[in-house]
Structures are given as structure tokens and as C-alpha cells.
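K.L.:
Take this structure, written in C-alpha cells, and hold onto it; I'll ask about it next.
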Amino acid sequence: MSPLVSVILPVYNREKTILRALESIENQTHDNLELVIVNDGSTDNTGSIIDEFKKESSVDTHIITHSSNKGANVARNTGIKRSEGDYISFLDSDDEWLPEKIELQLNKFHESVGVVYTGYYVEDRNGRRLGNIPKVRGDIYKKQLMRDHVSPTSCVMVHRKCLNKIGLFNPNLKARQDYEMWIRISKHFDFEYVEEPLTIIHKSPMNRISSDFSKRMEANLSILEIISEEVSSFDEVVKKKIFSKQFQSISLYCYLNERYRAATSWSIKSLRMDKTNMYSFILLILSFLRISPENRILLGVKNKFAEYL
């Protein structure tokens, strides 16, 4: 019998996109699926849409409703606790899967592998483009400490043995909970990937409000504290390279949000750790000169840098 895969889908006020996500689950070529939808306090028509889907769908569907909005990762934890499959996949309510996604991921699992992630497309108002191509597999722990190499959460399948070992998503982080979880898993299990883009990540026009920026920056600082503990016994040269890459990622995030002073500061910190870090040197120049990330000449550079977030 084919293995049971539990699909965890948190949703909050996504009446315009939730059906697209649900239909992409129903269209999977692997048919032994359990769908756990966590309605995270939606106040629009989302609840009615998922109720109707459950009535009509052949997928074994369970709906859990939070009385108030608790956030996507708390909702994912709720879904994981309710699920029963040996394999767990995550899908955000505004994303979608191509039909062979689950089947091809399952084919990549073997004894030492705990996570399989896929390539993906990014779709926004400018059309569809290829996302970052998966590049790292096996023991990725030290590479993961430098930056997040794993595709977005909607691309990821995890074996339950990983969660039994390391626990659930960290609800205390304001953002980047997935990255923190992948670090914990990579310490104990190998990662594998399907290079083919099998997930479509839908992005709405960017809304860079200060509260989102603050939450991400707070999470970045928390991640730095976690990494400091992880690398405490590492060789000093390796430590510095890891922190240089981390500071580079924060600088890039600040730059893309047009926080040029902060981007300049983090670039300098990165270069103090590793003077050979070319990306931080380029970011230092761009942020110091306050060259907009939307500058057409720099869009190619911006797309190249995107993998370092």
C-alpha cells in the first residue's frame, strides 16, 4: 500500500485563492492523502468554501477551526498534531502544486533522508518565472547555518520521524520559523530535493509596511542568537564565515526594503567577518549610494541576490 501523506493547509481570509490550492491537492497523482485544513480564525467566506470542498472532494479532509487568528505556524502545529501520515507536506492557502509533486517527492526518500523539497515557480503581477533552483542535498547542516537553502514551505515534505525527534515549529519566533526548523532537522537528518519546479508560489504586490519589517528583523536577531549557540564549538574561521553570510542576508533584506542605513551597517558587519564576501561588498556600495532596488539596471542583480535572503 502506498504511504499516507498528510497535507497541512493553514488558511486565514483567503476566499479568493483557497479553492485553487485545494484543487491542486485533489489533482495529485498520489492518491493516499489526508488533508488537514486549519481555519485560523477567518472572517470572510473561507469557512464556507472549505466546508463545501470537504463535502464534494474524494480527499479525506479534516477541518479544524481556531476561534481567533493565531498565525500560520501555530496553525501548522495544530494540523501536525491532528495528522496521521508518516509523511507531512505543507501548502500555503495562496499557493498551488503541480500534479506529480507528492509522488516525485516520495520517490526521493530513503533511510537517512528526513526532508525533500522541490523547485518552484514564482507568479506575480509580472507573470511566472522560475524560482531558485535546489542545489544542496545530504548533510546540509553547516550550509544551512550560513543561510536558508531550502525552498519555501509549500515546497517541503517532512518525514514524521524528524518532528518526533526535534519538535514542531517554534511559535515564539515572529518570522522565519521554517528556516529555524530546517536548521534543527538538518542537524540530525539528510535533505534531498526534486529539481523540477512542482510548486507555484503566488506573490501579491509587495506591501512593505513597517510592522512586517520589524517582525522580520526581530526574527533575524533571534536566529542569530540560535546560530551563536549552534556554532559555539566551531573553528573560529568557520564561525566568521557563517556570521558573514548571516549579516549579508540581513543587509540584503534591509536593502530590498529601502532601509539603506541599516543595509550599509549590516554589510560592514559582514565584511568585518569575511573581507572576501563579494556580495556584501556590492550591497555596501548599493546601499551607501542609496541606489533603489527597483532600478532597472539592477533588477538582474536583485534576482541573483534573491537566493541569499
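The values are calculated or read from the model by the stated rules, or taken from the named source; none is laboratory data. Just so it is clear, the model here is predicted, and its values are computed rather than measured. Ideal geometry is used to build each Cβ from the backbone, glycine not excepted, and the neighbour counts take in all protein chains shown.
K.L.:
Does the stretch 144-165 hold any residues that are in a helix (DSSP H, G or I) and either surrounded by fewer than 17 Cβ atoms within 10 Å (Cβ to Cβ) or out of contact with any Lys or Arg (no Cβ under 6 Å at 6 or more places or on another chain) (or both), and which are they? Show your work before the answer.
P.N.:
Looking only at the stretch 144-165, we keep the residues that are in a helix (DSSP H, G or I), and these are 144-146, 153-155, 160-165.
Once the filter is applied, which keeps residues that are in a helix (DSSP H, G or I) and either surrounded by fewer than 17 Cβ atoms within 10 Å (Cβ to Cβ) or out of contact with any Lys or Arg (no Cβ under 6 Å at 6 or more places or on another chain) (or both), the stretch 144-165 yields 144, 145, 153, 154, 155, 160, 161, 162, 163, 164, 165.
K.L.:
Ok, one more. Given (1) within 17 Å of the chain's Cα centre (by Cα); (2) closer than 26 Å to residue 74 by Cα, where does residue 131 come up short, assuming only one miss?
P.N.:
Only one criterion is unmet by residue 131, namely (2).
K.L.:
For a quick check of your reading of the model, give me the residue pairs whose first member lies in the stretch 224-239 and is touching a residue at least 60 places away in the same chain (Cβ under 8 Å), whose second is in a loop (DSSP other than H, G, I, E, B), with beta-carbon atoms closer than 9 Å and at least 6 apart or on different chains.
P.N.:
Final answer for the pair search is 230/187; 238/231.
K.L.:
Please enumerate the residues belonging to the stretch 112-169 that are in contact with a helix residue (DSSP H, G or I) (Cβ under 7 Å, 6 or more places away or on another chain) and either among the polar types (S, T, N, Q) or outside the structural domain of residue 74 (by TED's automatic domain parsing) (or both).
P.N.:
118, 132, 144, 153
K.L.:
Would you point out the residue of the stretch 170-195, among those that are among the aromatic types (Phe, Trp, Tyr) and part of a strand (DSSP E or B), that is nearest to residue 74 (Cα to Cα)?
P.N.:
At the first step, the residues of the stretch 170-195 found to be among the aromatic types (Phe, Trp, Tyr) are 179, 182, 189, 191, 193.
Narrowing the set further to residues that are part of a strand (DSSP E or B) leaves 191, 193.
Working: 191: 24, 193: 26 Å.
The extreme case among them is 191.
K.L.:
Which pairs have Cβ atoms under 8 Å, sit 6 or more apart or on different chains, and link a residue in the stretch 132-143 that is among the polar types (S, T, N, Q) to one that is in a helix (DSSP H, G or I)?
P.N.:
Pairs that qualify, where the first residue is among the polar types (S, T, N, Q) and the partner is in a helix (DSSP H, G or I), are 132/306; 132/307.
K.L.:
Could you check residue 118 against (1) assigned to a loop (DSSP other than H, G, I, E, B); (2) in contact with a Ser or Thr (Cβ under 8 Å, 6 or more places away or on another chain); (3) over 29 Å from residue 280 (Cβ atoms) and say which number it fails?
P.N.:
(1)
K.L.:
Does residue 106 meet the test of being touching a strand residue (DSSP E or B) at 6+ places or on another chain (Cβ under 8 Å) and within 15 Å of residue 193 (Cα to Cα)? Working first, answer last.
P.N.:
On the way: touching a strand residue (DSSP E or B) at 6+ places or on another chain (Cβ under 8 Å): yes; within 15 Å of residue 193 (Cα to Cα): yes.
For residue 106, the condition - touching a strand residue (DSSP E or B) at 6+ places or on another chain (Cβ under 8 Å) and within 15 Å of residue 193 (Cα to Cα) - is met.
K.L.:
A follow-up question, please. Return the total of residues in the stretch 161-210 being at pLDDT below 95 and under 18 Å from residue 121 (Cβ atoms).
P.N.:
Going through the stretch 161-210 one residue at a time, the tally reaches 5.
K.L.:
Is it fair to say residue 141 is touching a Ser or Thr at 6+ places or on another chain (Cβ under 9 Å) and crowded, with 20+ Cβ neighbours inside 10 Å? Working first, answer last.
P.N.:
Values: touching a Ser or Thr at 6+ places or on another chain (Cβ under 9 Å): yes; crowded, with 20+ Cβ neighbours inside 10 Å: no.
Here the answer is no, as residue 141 does not meet what is asked.
Let's see how each residue does on (1) touching a residue at least 24 places away in the same chain (Cβ under 8 Å); (2) closer than 24 Å to residue 203 by Cα; (3) part of a loop (DSSP other than H, G, I, E, B):
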{"site": "6", "(1), (2), (3)": "yes, no, no"}
{"site": "14", "(1), (2), (3)": "yes, yes, yes"}
{"site": "25", "(1), (2), (3)": "yes, yes, no"}
{"site": "29", "(1), (2), (3)": "yes, no, yes"}
{"site": "34", "(1), (2), (3)": "yes, no, no"}
{"site": "51", "(1), (2), (3)": "no, no, no"}
{"site": "77", "(1), (2), (3)": "yes, yes, no"}
{"site": "85", "(1), (2), (3)": "yes, no, yes"}
{"site": "92", "(1), (2), (3)": "yes, yes, yes"}
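K.L.:
Give the stretch 8-25 a look and list any residue that's more than 20 Å from residue 160 (Cα to Cα) and crowded, with 16+ Cβ neighbours inside 10 Å, or say none.
P.N.:
Residues of the stretch 8-25 that are more than 20 Å from residue 160 (Cα to Cα), as a first pass: 11-24.
Result: 11, 12, 13, 14, 15, 17, 18, 19, 21, 22, 24.
K.L.:
Would you please name the residue that is nearest to the chain's Cα centre (by Cα), looking only at residues in the stretch 231-280 that are more than 20 Å from residue 295 (Cβ to Cβ), part of a helix (DSSP H, G or I) and of a type in the set (Lys, Arg)?
P.N.:
245
K.L.:
Keeping to the stretch 140-161, report how many residues are more than 12 Å from residue 8 (Cβ to Cβ) and of a type in the set (Val, Ile, Thr).
P.N.:
Residues that pass the stated criteria total 2.
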